[in-house]
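What follows is one structure encoded as structure tokens, with my remarks underneath.
The values are calculated or read from the model by the stated rules, or taken from the named source; none is laboratory data. Everything quoted here is computed from the prediction, not taken from an experiment. Cβ coordinates were reconstructed from backbone atoms using ideal geometry, including for glycine residues, and neighbour counts include every protein chain displayed.
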Amino acid sequence: MIDLHTHILPGIDDGSPSLEESLAMADMAVNSGVDTIVATSHACSNNVNTQRYWDAYQQLKDALEKRHIPLKLICGMEIFLTEDALEAIENKSLLSINNTKYLLVEFDFEEEAWVAEYYLQILKEAGYHPIIAHPERYHFMQRDPSLAYYWVQQDYVLQANKDSILGRFGSNCQRLAIEFLNHNLIQVVASDAHGIRRRTPRMNGIQALLKNEFSPLYANMFLNENPRRIIQGEEVYTFPPRLF
Ligand SMILES: [Fe+2]
């Protein structure tokens, strides 16, 4: 599997606090069937130090090799969208996924839907493909889930968190994530892992659930094929979306 959304880099954000924890996360990911991980540390315009990101990235990469942990590390960021972030993207001071046109983005949970929509339009017009992290967690989505259908029509990619589907962010979030899956409004499922105790990078449970409750084809598309396409800058596959 390819995990497209993780906070595995040590000491960069509220994810892994140390190299030891990052390596334990890597072990956990590998033991659950993951062979590639995208290190999407949090970024917004005023907290970003790209050099710090690359230092942590290299430190982890070297440690993985030294310990013979078979996990491929890919670069990226989870960009908190604001006006300033748009400017930073334009100045190329934030990282896309593996240097492609795909940007993993998130919003304030209390953001207005029209503001989120405005940011996404600007990115689209600039030639980017936004991947919306955990749509099921935003309040505006919980109020009006039909927006997800519109966003898929706009060619935005929707990435659900495995812990949302598994019910670890509460029942509202779980219900919405499952509804999105039932309506073919999700193209990627990722861990959004922050550590080894809570919000972990262990992906075998969600893989089994997607296989058994939906289909092996869905599991493969959301956990392997679409993440691979994104990393390679190719178009993602979307099962025919259904309106709410
Ligand atoms: Fe995240």
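At-a-glance table
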read-out: In region 13-46, residue surrounded by the fewest Cβ atoms within 10 Å (Cβ to Cβ) [restricted to those that are of a type outside the set (S, T, Y) and more than 24 Å from N204 (Cβ to Cβ)]; value: N46
read-out: Exclusive hit being in contact with a helix residue (DSSP H, G or I) (Cβ under 6 Å, 6 or more places away or on another chain) and of a type in the set (S, T, N, Q), set S18, S22; value: S22
read-out: Count of residues meeting criterion [closer than 26 Å to G127 by Cβ, under 17 Å from the mean Cα position of the chain (by Cα) and in a loop (DSSP other than H, G, I, E, B)] in region 199-244; value: 7
read-out: Test: residue in region 73-89 that is in contact with a Cys (Cβ under 9 Å, 6 or more places away or on another chain) and either in a loop (DSSP other than H, G, I, E, B) or on the phi > 0 side of the Ramachandran plot (or both); value: yes
read-out: Conditions (1) in contact (Cβ under 8 Å) with a residue 24 or more places away in the chain; (2) surrounded by fewer than 14 Cβ atoms within 10 Å (Cβ to Cβ); number of the one not met by C173; value: (2)
read-out: Subset of region 22-42 that is away from the ligand (no atom under 16 Å from the Cβ) and out of contact with any strand residue (DSSP E or B) (no Cβ under 8 Å at 6 or more places or on another chain) - its residue that is nearest to D62 (Cα to Cα); value: L23
read-out: Search result, residues across region 98-116 that are surrounded by fewer than 23 Cβ atoms within 10 Å (Cβ to Cβ) and out of contact with any helix residue (DSSP H, G or I) (no Cβ under 8 Å at 6 or more places or on another chain); value: N99, K101, D108, W114, V115
read-out: All positions within region 74-99 that are in contact (Cβ under 8 Å) with a residue 12 or more places away in the chain, farther than 20 Å from W151 by Cα and more than 16 Å from the ligand (Cβ to nearest atom); value: D84, E87, A88, I89, E90, S93, N98, N99
read-out: Residue in region 40-52 that is in contact (Cβ under 8 Å) with a residue 60 or more places away in the chain and out of contact with any helix residue (DSSP H, G or I) (no Cβ under 8 Å at 6 or more places or on another chain) present; value: no
read-out: Residues of region 185-244 satisfying the condition of being under 21 Å from A133 (Cβ atoms) and modelled with pLDDT under 95; value: R198, F244
read-out: Region 201-228 residues that are over 21 Å from Y102 (Cβ atoms), paired with ones that are of a type in the set (S, T, Y) and surrounded by fewer than 18 Cβ atoms within 10 Å (Cβ to Cβ) (beta carbon under 7 Å, 6 or more apart); value: L210/Y218
